[in-house]
Amino acid sequence: MAFFLETLIGGLMAGMLYSLVALGFVLIYKASGVFNFAQGAMVLFAALAMARFSEWFNAALGGDSLLVANILAFIAAGGVMFVVAWVIERLALRNLVNQEGATLLMATLGITYVLEGVGQTIFGSEIYNIDVGMPKDPVMMFENVFEGGILINKEDFIAALVAACLVAALSIFFQKTSTGRALRAVADDHQAALSIGIPLNRIWVIVWCVAGVVALVAGIIWGSKLGVQFSLATVALRALPVVILGGLTSVPGAIIGGLIIGVGEKLSEVFLGPYVGGGIEIWFAYMLALVFLLFRPQGLFGEKIIDRV
Amino acid sequence: MSKKIGDVVLDLQNISLRFGGVKALTDISFDVREHEVRAIIGPNGAGKSSMLNVINGVYHPQDGKIFFHGQERKQMDPHLAAAQGISRTFQNIALFKGMSVLDNIMTGRTLKMKSNLLLQAIWWGPARNEEIAHRKKVEEIIDFLEIQHIRKTPVGRLPYGLQKRVDLGRALAMEPKILLLDEPMAGMNVEEKQDMCRFILDVNDQFGTTIVLIEHDMGVVMDISDRVVVLDYGKKIGDGLPDEVRSSPEVIKAYLGAGH
Amino acid sequence: MIYRENGQFKTSYGADQQIFPIAQDRWAVIAIIAFAFVGVPLLADEYMFRAILIPFLILSLAALGVNLLVGYCGQITLGAGAFMAIGAYAAYNFLIRVDGMPLLAALLLGGLTSAAMGIIFGIPSLRVRGLYLAVATLAAQFFWDWAFLRIKWFTNDSSSGSVSVSNLDFFGWNVDAPAEKYLFCLGMLVVFGFLAKNLTRASIGRQWMAIRDMDVAAEVIGIRPMWAKLSAFAVSSFFVGVAGAMWGFVHLGSWEPAAFSVDRSFQLLFMVIIGGLGSIVGSFFGAAFIVVLPIFLNQFLPVLGRLVGISISTAAVSHAELIIFGALIVFFLIVEPHGLARLWATSKEKLRLWPFPH
């Protein structure tokens, strides 16, 4: 039982991180109808920027104030993501308005390659560490409930907390601010939004910036857990089934989808994996998403699509 | 006009169609006779296009029965309706934009082409002969619609009026028994409308095709249709000869408002 | 002045419907094929064959398959690599498990297995489209990546996980030297290119394009969406599967699942976009472009670097490659969504009208 719970909680934690990446997908899809394949590359890019800036600032400050260096690095990396968002909007998206979804998807695939190349050219292509001072030691919990208790990483705990805060902040941003309202309007109908004076291009830059910041947070958490390296970019591929499951337009869907996929992967790997040779977590999520596609194409929380003739 | 209007070919009984809570059609019954030109008119949002979509299987009504040649029809997909000889054109042209005029009309022959994939791949024997035979048929339609000069032009480059004509050509290529026309003259100028009227009457006359058409231009409707059915807010408010319908108080009310 | 169709009158629909209605085109294509069969083997050296020509021919075949599905039928796929893998491993298993299996039969059976799998993984296309479908095809990619890595039966219990094929025997002709491999691949490509062209101009090709352009209208005029979509998946997967088998057998000789990873799928998609969606000749352009560009960059960038006084490492070259590929994809999608093939067609049109452009 304790082992099962440990696996479950491990899955939830991993799922939280998927959710963060999926959140980036959903934000951009909601506001521009673009399915942003480059979200993973943005995570890599942001994490690389964060890791190197933190390293450089730390060296420049003499190495005695990690916190200050990290804060400066966070701001600098945020700035970099702003520039990235602006460039993407300016050079690519603005010229692809009103194209089909599939075309936009392929365009973001191209952007993925560019971001991967540029990121590694500027920041290097080794493995870097992000040290934001998260505690790494595990804690025992529920010792009085189960014999032996459950082992949980404090780091995971904090990560989950950060993710939850981010989601809450985003929900408020979307629901309560005028920019958020404009974002939702744009998502509903580009032309109508444009005609009542919402500046479309600025909105897109904003939403890509927000997605960039989400990518930065996801990058920091993943990076401090696993180190910053090229394979971070493939997290986009891991988060894809999450958005399918949760529904492309739903913020809560991204969160719950992430949790389901995280848990499903871990449980299947631990309890099903040994029978089929292991390593199934990579395709398990996709198969789950595939089943959803066949029976509920709009996902758990997505809006039903009605075709008009 | 001395044409013979035959028996009822299509009989719609008590059709109701809902989208969630929205009632698009409520309890509508009417019939279509062989060789006639049957018009459906009504204000915007009356459910005219929904009616056509019900007839050729794009929408499935929740209630009601459809009899086709006296046989009750089950719920079917559009391609099955097509196989039974129902074809249509679209309100906002739905041509295949990446293909030439010729290819667009050739797709209308799909149901009649039988050669298998392997023969098509080697372009040999029956497949080649079939392709040429159907090309011949399509050329007849191209002649009929007077669009020879644009046969190899991609449809995306054509002006609106010609696109409408190609749309009609594609529907005709199926050699349909019933042809559904969804606002064939919308957005056309007077000459284009006259041309289109001529084509529709010729199709009806020469090929004996039964035609169901939606149109907003009352002049056109009164001129070319044999019988008219009037819809308003998803309900039938009139049915009969053009003159009868025109003088029906309810129809006048729907079109001009209650004050008149 | 030479490229004119004056005086070439068609007197039958058959003549009007041939692949190259303009006589000069016909002769040019025959000349190119003849040169490829006779001239190239005399001129090219081993490096040319191994690094450029053979990969180009096989990837052209794969790109052709992908183009039938993505360009003609409008069904996006990110799993083409998996179908190459299915073709390769199925052909391998037919070859080693069935005594006396001829090479060609093994390749075709590999393609057929891939086609069958294509139909299965194409089923989601009946319900969803666009990026949802892309995800479904990715599912195929990751599943087969895993299956060929973990299920030992597919690799004949090879301990290293890699499988190898030697002694390619094509009806008594031992395909061994690079030039022979080249000729074999060229022959296959010419045949398959011809088949693909025929399919796209026949009824089935029109059905695919109709589904791509306007699926509701297609169904209304009697096209069965299920038949059109699944046949596109099957034919496309067949082409891609045969290409995969040839990639394993002829080009690599021995291979691991990584040879057919998701990167390969992306690469094939890029070929089709850059070459031209919905164009047979575009598939060749795209394949040529993507095979040649990295080689060109590897040779050219360090030289350029030396000229301006900086040394460019191999890592930097590979990063530059990523950037250039990515930028080109975006560039083509924005500026010329029909790719190199459209540029080619436009220039041919200009040439036809030259020197009086109107």
Task: Formal net charge of residues neighbouring C:L131 (Cβ-Cβ distance under 15 Å; K, R +1; D, E -1) - done: +2
TODO: Give me the orientation-averaged projected area of the Cα convex hull of the stretch C:22-260, in nm², one decimal.
DONE: 14.2
Task: Residues B:K152 and B:R198, FRET efficiency given R0 of 30 Å [Cβ-Cβ distance, rounded to 0.05] - done: 0.75
Open item on the list: Give me the base-10 log of I(q)/I(0) for the stretch B:97-174 at each q in 0.13, 0.17, 0.20 Å⁻¹, Debye formula, one uniform scatterer per Cα, rounded to two decimals.
Closed with: -0.39, -0.64, -0.83
Task: Ranking of B:R151, C:R306 by count of other Cβ atoms within 10 Å, fewest first - done: C:R306, B:R151
- [ ] Please build a GNM for chain C, connecting alpha carbons under 10 Å apart, and tell me which residue among C:H319, C:H251, C:H338 fluctuates the most.
- [x] C:H319
Open item on the list: Using Cα springs under 10 Å in a Gaussian network model of chain C, which residue among C:I204, C:I334, C:I52 shows the largest mean-square fluctuation?
Closed with: C:I334
- [ ] May I ask you to compute the full-extension gain from C:F171 to C:I30, defined as 0.36 nm times their residue separation minus their alpha-carbon distance, rounded to one decimal in nm?
- [x] 48.2 nm
Open item on the list: Is there a quick way to get the dipole size of chain A? I mean about its Cα centre, with the Cβ of Lys and Arg at +1 and of Asp and Glu at -1; what is the value in debye to the nearest 20?
Closed with: 960
- [ ] Could you grab the relative contact order for the stretch A:2-295? Cα pairs under 8 Å, six or more apart, rounded to a whole percent.
- [x] 38
- [ ] Take peptide A:98-105, look around each residue's Cβ out to 10 angstrom, count Cβ atoms belonging to other protein chains, and average those counts.
- [x] 5
TODO: Could you let me know the centre-to-centre spacing of the stretch A:170-209 and the stretch C:225-263, using Cα atoms, in angstrom?
DONE: 43
Task: Gain upon complete extension [B:L256, B:K65; 0.36 nm per residue less C-alpha separation] - done: 65.5 nm
TODO: Would you mind getting the Kirkwood hydrodynamic radius of the stretch A:2-295 from its Cα pairs, rounded to one decimal in Å?
DONE: 19.9
Open item on the list: I'm a student and want to see the number: the projected area of the Cα convex hull of the stretch C:59-176, averaged over all directions, in nm².
Closed with: 8.1
Task: Gyration tensor (alpha-carbon) shape descriptor, the stretch C:1-74, a/c threshold 1.5 - done: oblate
Open item on the list: I want to check the label-to-label distance for C:I22 and B:K4. Put each point 7 Å from Cα in the C-beta direction and report it in nm to one decimal.
Closed with: 5.4
Task: Extension gain (nm, one decimal) between A:F271 and A:D64, 0.36 nm per residue minus Cα-Cα - done: 69.9 nm
Task: the protein assembly as shown - Rg over Rh from alpha carbon coordinates, Kirkwood radius - done: 1.00
Open item on the list: I'd like the distance between the alpha-carbon centres of the stretch C:322-352 and the stretch B:133-185, rounded to an integer number of Å.
Closed with: 32
TODO: Order these peptides, C:346-356, A:186-196, by their mean beta-carbon neighbour count within 10 angstrom, highest first.
DONE: A:186-196, C:346-356
TODO: Could you work out which residue, out of C:S158, C:S12, C:S203, moves most in a Gaussian network model of chain C, that is, has the largest mean-square fluctuation with Cα springs under 10 Å?
DONE: C:S12
Task: Unit charges at the beta carbon, dipole of the protein assembly as shown: most positive-side option, A:A59, A:L170, C:A287 - done: C:A287
TODO: Give me B:I55, A:I280 ranked fewest to most by other Cβ atoms within 10 Å of their Cβ, as a rough exposure proxy.
DONE: A:I280, B:I55
TODO: Return the long-range amide H neighbours of B:L10 (sequence gap of 5 or more, or a different chain), with a cut-off of under 5 Å between placed amide H atoms.
DONE: B:V32, B:H69
TODO: Work through the residues other than A:V270 whose Cβ is under 13 Å from its Cβ and net out their charges, Lys, Arg +1 and Asp, Glu -1.
DONE: -3
Open item on the list: Once you keep just the Cα pairs under 8 angstrom separated by 6 or more residues, what percentage relative contact order results for the stretch B:97-174?
Closed with: 55
Task: B:D223-C:K348 FRET efficiency (beta carbon distance; Förster radius 35 Å; 0.05 resolution) - done: 0.15
Task: Per-residue mean of C-beta atoms belonging to partner chains within 10 Å, peptide B:124-135 - done: 3
Task: For chain C, calculated [θ]222 nm from helices alone, where every DSSP H run of n ≥ 4 adds -39500 (n - 2.57) - done: -21500 deg cm²/dmol
- [ ] Add +1 for every Lys or Arg and -1 for every Asp or Glu among the other residues with Cβ under 13 Å from the Cβ of C:F83, and state the total.
- [x] 0
TODO: Count, for each residue of C:283-294, the Cβ atoms from other chains sitting within 10 Å of its Cβ, then give me the mean as a whole number.
DONE: 0
TODO: List the residues whose amide H sits under 5 Å from the amide H of B:G238, counting only those 5 or more places along or on another chain, with H placed 1.01 Å from N in the peptide plane.
DONE: B:V230
Open item on the list: Between the stretch C:89-118 and the stretch C:195-218, how far is it from one alpha carbon centroid to the other, in angstrom?
Closed with: 28
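Laboratory data are not the source of any read-out in this text; all were calculated from the coordinates shown. For clarity, every value in this text was computed on a predicted model and none was experimentally measured. We place every Cβ from the backbone using ideal geometry, glycine too, and count neighbours over all the protein chains shown.
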